[in-house]
Amino acid sequence: MRLASILLILGCAVLFIATSTRGADSLPAVSVASGSLQVGIAEMDITPPTGFPMAGYYHERLAEGTIDPLKAKAIVFRDGDTTAALVVCDLIGIASDLSREVRSLASQKTGIPADHIVISATHSHTAPDYMKELYLYLGKEQQLPLRAKYIEKLISEPVNAIAQAYTNAKPAELAHGSATQITPVSFNRRSVMRDGSVLTWQSESNPNRIRAAGPIDPQIGLLAIRDPNRSTTRGILSNFALHLDTVGGMKWSADYPFFIERTLQEALGNDVVSLFGAGCCGDINHANPASSVRNKADFIGNSIGGSIRDELARLTPITDTHLAVKSKVVQLELQEATAEQVQRSTQTIDLVKSGTKVDFFDHVTAYKMLILDQFRHDKPHAKSADYLTWGMSRSLAGIGDTLPVDVTVMTIGHDVAIVCLPGEVFVELGLAIKQASPFRTTLVVELSNVVETIYVPHRAAYASGSYEVTNSTVKPGSGEILVETVVTLLRQAAMENR
């Protein structure tokens with residue numbers, strides 16, 4: 001018998017065994033030789049129905065229609081036995097309950113390890129406020145049928161996107177690099193004031209404003225996925241640090257990433273998928289402190305999309321495509337929520353519900369305290385469901401003094417690192433990771449797997465105060481712990497590549 005025939009029989013036997021050991025609903029295993037990276041891309045619609053609650057603010061508002069669709073877009077990397085998936089959703093954040101459901105189901109369906117799967121949010125404020133509805137659904141509690149049906153879709157479609165991307169994974173040519181966003185669309189929204197404090201959302205016309213409290217990150221990290229047979233671009237993963245809250249109104253919209261994709265499709269064809277990962281933009285907004293006119297979603301998205309388009313021809317091909325995935329669960333200390341604080345918070349929320357105007361920061365603090373109350377205590381001081389819409393959690397209820405968050409790093413050869421962090425992370429922390437990274441292109445994607453940190457400022461910001469610090473559930477130093485963890489994982493991946 002020829003050697004080729006023997007190898008063919010052995011290969012078929014291995015495939016049969018791998019397939020037969022999977023669950024009935026799982027996808028068949030496909031043999032991928034180590035060192036030959038395959039990439040799959042897929043997208044699914046996750047637009048809610050009209051009448052579903054909208055996210056973004058501290059009061060309920062029900063959607064009145066759709067401007068542009070919300071999507072879950074997945075990219076799957078396969079290199080021999082190593083697999084990884086990133087699915088980016090047009091949502092304001094990823095609740096721990098949602099990430100656990102999606103990762104578990106996607107892992108069962110594809111065989112990708114759950115800790116190699118990341119579900120991230122773009123942070124659109126014209127997306128659904130789904131967390132309480134998800135909480136009710138998982139607890140089999142009573143809710144409106146329309147809302148329950150959407151929660152089923154919200155869980156299933158990101159799973160389907162991962163499964164489809166896993167199935168259609170094939171050899172790809174990858175190219176990496178970055179574009180610089182020259183047209184000003186991002187601005188540090190925190191200002192140093194004359195009394196030494198820091199305030200958010202201040203105009204340069206304020207005589208007490210001295211300067212911006214921090215930098216921006218003008219770099220757009222890029223990874224292009226091309227078909228080697230047809231030399232066409234299948235997808236582009238981009239990463240930029242700019243908060244999404246540029247649309248407003250009462251209709252569903254993916255915000256400026258929609259216009260990034262439209263710009264790229266005009267240049268590359270309608271089949272190209274644009275996956276946008278939110279960079280570390282906890283302190284970055286689209287409002288220019290020097291101007292009373294705010295840039296709109298189309299201007300911002302078209303500008304960023306144009307910067308990406310103009311850089312594509314100069315991206316560097318990746319020759320070493322070895323895939324490594326590192327993941328670690330980090331325990332971040334939660335802030336306190338005493339019985340007295342919780343009682344005051346319920347009184348504040350009751351005032352808001354009655355139509356009484358309260359100080360915005362008092363409202364934010366009250367909401368945070370009620371979220372912390374359900375996390376820290378087996379028997380919360382207040383009944384959370386009576387006061388909260390977002391921030392409700394089955395998986396984190398009674399978790400204790402620390403919040404478990406996932407930190408995941410996916411690397412491709414010596415060239416590319418995709419870093420996935422929880423919460424809304426300050427730009428300085430993202431820049432610190434990029435500066436310490438041993439990889440040529442590092443994309444730092446926030447709002448991954450866990451949103452319940454809310455903001456993650458750097459340590460100095462806690463001393464300065466203002467909105468982002470008020471709206472953080474974790475203690476000072478949490479951001480630095482994330483940076484230290486990431487840099488350690490990046491170094492481990494780099495050493496393996498040697």
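Here are the numbers for this structure:
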quantity	calculated
Longest site-free stretch - the chain; sites: GluC sites (Glu not before Pro), DSSP loop, at most 16 other Cβ within 10 Å	337-498
List M392, M44, ordered by accessible area with a 1.4 Å probe, largest first	M44, M392
Acute angle (nearest 10 degrees) that the helix 96-110 long axis makes with the longest principal axis of the chain, alpha-carbon atoms	10
Size of electric dipole in the stretch 370-457: Cβ of Lys, Arg +1 and of Asp, Glu -1, about Cα centre, debye, nearest 20	80
Projected label distance in nm at E266 and A436, using a 7 Å step from Cα toward the beta-carbon	4.1
Lysines whose Cα lies under 30 Å from that of K353, excluding same-chain neighbours fewer than 8 positions away	K132, K140, K149, K251, K368, K379, K383, K475
Net charge over other residues, Cβ less than 12 angstrom from the Cβ of P476 (K, R count +1; D, E count -1)	0
Debye, to nearest 20: dipole size of the stretch 117-203, +1 on Lys, Arg Cβ, -1 on Asp, Glu Cβ	140
19 Å cut-off, amide nitrogen to a point 7 angstrom out along Q492 Cα→Cβ, residues in the stretch 418-439	418-422, 433-434, 436-439
Heavy-atom accessible area ranking, 1.4 Å probe, most first, across H125, H458, H59, H322	H59, H322, H458, H125
Å² per residue, accessible surface of the chain at 1.4 Å	41
18 Å tail of the calculated P(r), the stretch 329-466, as % of Cα pairs	62
Modelled label reach - F361, point 7 Å along Cα→Cβ, the stretch 460-498 residues with backbone N closer than 15 Å	461-472
Gain on full stretching of the segment that runs from S156 to Q343 - 0.36 nm per residue minus C-alpha separation	63.5 nm
Length added when fully stretched, K170-I210, from 0.36 nm per residue minus Cα-Cα	9.1 nm
Dipole in debye (nearest 20) - the chain, about Cα centre, beta carbon charges: Lys, Arg +1; Asp, Glu -1	520
Filtered trypsin sites (Lys or Arg not before Pro), the stretch 162-218: DSSP coil and at most 10 other beta carbons within 10 Å	R194
The chain - percent of accessible surface contributed by carbon and sulfur, probe 1.4 Å	52
Sites R394 and R314 - FRET efficiency at Förster radius 45 Å, r taken between beta-carbons, to 0.05	0.45
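The values are calculated or read from the model by the stated rules, or taken from the named source; none is laboratory data. Here the structure is a predicted model, which means the values were calculated and not measured. Neighbour counts run over all protein chains shown; Cβ positions are idealised from the backbone, glycine included. For the accessible areas, the whole protein counts, side chains as well, though only heavy atoms, and no ligand, DNA or RNA atoms are used. Shrake-Rupley method; radii C 1.70, N 1.55, O 1.52, S 1.80 Å.
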